[in-house]
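The values are calculated or read from the model by the stated rules, or taken from the named source; none is laboratory data. These figures come from a predicted structure and were not determined experimentally. Glycine gets a Cβ as well: all are built from the backbone with ideal geometry, and neighbour counts include every protein chain shown. Side chains are part of the model used for accessible areas, which takes the heavy atoms of the whole protein and leaves out ligands, DNA and RNA. Shrake-Rupley method; radii C 1.70, N 1.55, O 1.52, S 1.80 Å.
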Protein chains: 2
Amino acid sequence: MAARNRNRDFTLLLFALLSISAPAQQNHLTARQVIERIQKNVGVPWRSQTVDTFKAGDPDSPVTGIATTMMATFDVLQRAAAAGKNLIITHEPTFYNHQDKTADLEQENDAVLATKQAFIKQHGLIVWRFHDHWHARKPDGIQTGMIHALGWEKFQNPNNSRLFVIPEITVNDLAASIKQRLGIRTLRVVGDPNLKVTKIALNPGYPGFPAERHMLQRDDVEALVMGEGLEWETIEYGADASSEGKRKALIVLGHIPSEQAGMQECATWLKTFITEVPVEFIPTSEPFWFPKQ
Amino acid sequence: MAARNRNRDFTLLLFALLSISAPAQQNHLTARQVIERIQKNVGVPWRSQTVDTFKAGDPDSPVTGIATTMMATFDVLQRAAAAGKNLIITHEPTFYNHQDKTADLEQENDAVLATKQAFIKQHGLIVWRFHDHWHARKPDGIQTGMIHALGWEKFQNPNNSRLFVIPEITVNDLAASIKQRLGIRTLRVVGDPNLKVTKIALNPGYPGFPAERHMLQRDDVEALVMGEGLEWETIEYGADASSEGKRKALIVLGHIPSEQAGMQECATWLKTFITEVPVEFIPTSEPFWFPKQ
């Protein structure tokens, strides 16, 4: 091969490499860059103390696609990987505690944790939590998604986004309609099934007993639609309120169904400022089912 | 009327009064005396830090009867008062938090608390909690009652009272049989309905995620029968274990049904050393129900 040809070949090769790498670089949006855009767009100051941090994977990896979800369960991670989405944006923890601390489980050589971590590593997944700031957004991103899923925009109190006045309905029928609309298997209710209500509060997730009882203390709240609560706190309080003859009931959706649509809303929102990679909402499966006799 | 007759009448009246008051005094067992007998009989040293304290009423009131119960809900207090039992021995809180602190609710002029407190006062009820030491008893009083209610004595591991080996059964059928046996409306399950299991652990109440995962980490535990757990802790962990293909399932009874029979056991035990007043187990109603479509 003559020297000229070698030079020409080298130039062509160099050109070809540059041609490949230039568009590739444009697509190389990293997970960290995605989060920076979220921080710019969320509309509230970023907190110094927050659980909204990377939980697993390399933040500087290029993103192939984004999956938003309510809870990054093993099942969700499998479905995200199969769909080619390597950045998972989850509302709830990945590693079974609010801070996603893994030290205790690692010390115990916990096999459930180890399998999940191995799957994340093997598939190059990156997990980032979006909890505090998605709630802090005005209006609350979870609340917005849930109200939309329930079709309650028209009933909303203009001065308090958590309160609604709906056409009169029994607690049983309201619970049944929510169960059907949101596709919940194991929705549970506390209180009198025949109580007729119009005044509703919506507290998804786990806001805790003080927030829940403050809703139930209001004269303009008859039924509290909630995620989960401890049985010796909010649940006993709701049962007592009903036994005392007060016009109060709890409709307990379960944590995941009570916030799920808020992460669907998140996918819709992300698409308004992330266009380089596909964004998909992956619903988290309701963990519970009832035994068949 | 002659002086002699007046004197005789006075003597008869005095005698009659003494005749009435003497046996009455014998029956004047106070709530405090009942608890002292429990402390003497429970078989474990009394702790300085404990929630096993009086929660309402006057400990020095005479006891008309004793009601043991899982949770001193308003409904239970009503039934105890109607049955003439003024000392309520409850396993779980009366005032909606583990320490039964009422300051926050009082500051909020909480109507649910006020109605409950007024009922207790009006009916002269005394409420005492029996939690830590009934669990600490050897064997654990709650566990003993639940194992008896489940009919699992013959399956129990002689070295670990929380473990059982039962004839092979699917998770669905095991859950259905427990639901029927304990009369639970809203029992829920996590995991594969068709998984065949023999190795069972029983963790009633709310022992918390560490205790629950330590059970699930064991090779000799396939199904964990539990009370309640947080959905981002034990429930997500159980769902992941199942999704990862591990032979694990959760059978979630609800807090009250998971410990209820332990307070029936308590009534039986109390009768062995309290004979002056009637002792009755008053079951706490399961707070939850499912909506009918």
For the subset of region B:178-213 comprising residues that are among the polar types (S, T, N, Q) and over 21 Å from the mean Cα position of the chain (by Cα), which member is farthest from A:T284 (Cα to Cα)?
B:T198
Checked pairs for region B:118-137, first assigned to a helix (DSSP H, G or I), second among the hydrophobic types (A, V, I, L, M, F, W, C) and open to solvent by 40 Å² or more (accessible area, probe 1.4 Å), C-beta under 8 Å and 6 or more apart or across chains, list as B:H133/B:W46
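Out of B:I251, B:I169, report the one residue that is assigned to a strand (DSSP E or B), open to solvent by 20 Å² or more (accessible area, probe 1.4 Å), within 14 Å of chain A (Cβ to nearest Cβ) and modelled with pLDDT of 95 or more. First the steps, then the outcome.
Details: B:I251 fails: open to solvent by 20 Å² or more (accessible area, probe 1.4 Å).
Being assigned to a strand (DSSP E or B), open to solvent by 20 Å² or more (accessible area, probe 1.4 Å), within 14 Å of chain A (Cβ to nearest Cβ) and modelled with pLDDT of 95 or more holds for just one of B:I251, B:I169, which is B:I169.
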Residues (in contact with a Pro (Cβ under 8 Å, 6 or more places away or on another chain) and of a type outside the set (S, T, N, Q)) located in region A:185-224:
A:L187, A:V189, A:V190, A:P193
How many of the residues in region A:32-58 are surrounded by 16 or more Cβ atoms within 10 Å (Cβ to Cβ), in a loop (DSSP other than H, G, I, E, B) and not hydrophobic (A, V, I, L, M, F, W, C)?
2
Restricting attention to region A:95-116, does a residue exist that is surrounded by 19 or more Cβ atoms within 10 Å (Cβ to Cβ), under 12 Å from the mean Cα position of the chain (by Cα) and within 14 Å of another protein chain (Cβ to nearest Cβ)?
no
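Would you point out the residue of region A:172-208, among those that are of a type in the set (S, T, Y) and out of contact with any Lys or Arg (no Cβ under 9 Å at 6 or more places or on another chain), that is farthest from the other protein chains (Cβ to nearest Cβ)?
The initial filter retains those residues of region A:172-208 that are of a type in the set (S, T, Y), namely A:177, A:186, A:198, A:206.
Then keep just the ones that are out of contact with any Lys or Arg (no Cβ under 9 Å at 6 or more places or on another chain); that gives A:177, A:198, A:206.
On the way: A:S177: 9, A:T198: 18, A:Y206: 7 Å.
Only one residue fits best here, namely A:T198.
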Name the single residue that is farthest from the other protein chains (Cβ to nearest Cβ) among those in region A:85-94 being among the polar types (S, T, N, Q) and under 15 Å from the mean Cα position of the chain (by Cα).
A:T90
Under 8 Å by Cβ, and 6 or more places apart or on different chains, what pairs join a residue from region A:59-84 that is within 12 Å of chain B (Cβ to nearest Cβ) and over 19 Å from A:Q264 (Cβ atoms) with one that is of a type outside the set (D, E) and buried (at least 24 other Cβ atoms within 10 Å of the Cβ)?
A:F74/A:K116; A:F74/B:A239
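With the structure loaded, tell me whether B:G262 is within 12 Å of chain A (Cβ to nearest Cβ) and modelled with pLDDT of 95 or more or whether it fails that test. Spell out the reasoning first.
On the way: within 12 Å of chain A (Cβ to nearest Cβ): no; modelled with pLDDT of 95 or more: yes.
So B:G262 fails the test.
Would you mind finding the one in B:G205, B:G191 that is open to solvent by less than 60 Å² (accessible area, probe 1.4 Å), in contact with a His (Cβ under 7 Å, 6 or more places away or on another chain) and at positive phi?
Details: B:G191 fails: in contact with a His (Cβ under 7 Å, 6 or more places away or on another chain).
Among B:G205, B:G191, only B:G205 is open to solvent by less than 60 Å² (accessible area, probe 1.4 Å), in contact with a His (Cβ under 7 Å, 6 or more places away or on another chain) and at positive phi.
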Within region B:150-161, is even one residue in a helix (DSSP H, G or I), open to solvent by 10 Å² or more (accessible area, probe 1.4 Å) and under 23 Å from B:T73 (Cβ atoms)?
no
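Is it true that B:G145 is crowded, with 21+ Cβ neighbours inside 10 Å, of a type in the set (G, A, S) and in contact with a His (Cβ under 9 Å, 6 or more places away or on another chain)? Outline the logic, then answer.
Numbers: crowded, with 21+ Cβ neighbours inside 10 Å: yes; of a type in the set (G, A, S): yes; in contact with a His (Cβ under 9 Å, 6 or more places away or on another chain): no.
Taking the combined requirement at face value, the residue does not satisfy it.
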Kindly provide the set of residues from region B:1-31 that are assigned to a helix (DSSP H, G or I) and modelled with pLDDT of 95 or more, ordered by number.
B:A31
Does A:T90 meet the test of being among the hydroxyl-bearing types (S, T, Y) and either more than 29 Å from B:G245 (Cα to Cα) or out of contact with any helix residue (DSSP H, G or I) (no Cβ under 8 Å at 6 or more places or on another chain) (or both)?
no
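Can you list the strands (runs of 3 or more DSSP E) lying wholly within region A:182-238 that have 3 or more residues being of a type outside the set (V, I, T)? Step through it out loud before you land on a result.
On the way: elements: A:188-190, A:196-203, A:223-226.
Because the criterion is at least 3 residues that are of a type outside the set (V, I, T), the strands (runs of 3 or more DSSP E) in region A:182-238 that meet it are A:196-203, A:223-226.
Against the definition (within 19 Å of B:S285 (Cα to Cα) and either touching a Leu at 6+ places or on another chain (Cβ under 9 Å) or of a type outside the set (A, V, I, L, M) (or both)), how does B:R129 come out, yes or no?
Values: within 19 Å of B:S285 (Cα to Cα): yes; either touching a Leu at 6+ places or on another chain (Cβ under 9 Å) or of a type outside the set (A, V, I, L, M) (or both): yes.
Judged against the criteria, B:R129 is a match.
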Answer yes or no as to whether B:E286 is within 26 Å of B:I200 (Cα to Cα), open to solvent by 20 Å² or more (accessible area, probe 1.4 Å), part of a loop (DSSP other than H, G, I, E, B) and not hydroxyl-bearing (S, T, Y).
yes
Does B:Q99 satisfy being touching a residue at least 24 places away in the same chain (Cβ under 8 Å) and in a helix (DSSP H, G or I)?
no
With respect to B:E276, is the statement that it is open to solvent by 20 Å² or more (accessible area, probe 1.4 Å), acidic (D, E) and more than 14 Å from every other protein chain (Cβ to nearest Cβ) true?
yes
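Pick from A:E231, A:E236: which is buried (at least 21 other Cβ atoms within 10 Å of the Cβ), without any contact (Cβ under 8 Å) to a residue 12 or more places away in the chain and touching a Phe, Trp or Tyr at 6+ places or on another chain (Cβ under 6 Å)? Don't jump to the end; show me each part of the working.
On the way: A:E231 fails: touching a Phe, Trp or Tyr at 6+ places or on another chain (Cβ under 6 Å).
Going through A:E231, A:E236 in turn, just one is buried (at least 21 other Cβ atoms within 10 Å of the Cβ), without any contact (Cβ under 8 Å) to a residue 12 or more places away in the chain and touching a Phe, Trp or Tyr at 6+ places or on another chain (Cβ under 6 Å): A:E236.
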Among the residues of region B:123-138, is there at least one that is farther than 21 Å from B:M70 by Cβ and open to solvent by less than 60 Å² (accessible area, probe 1.4 Å)?
yes
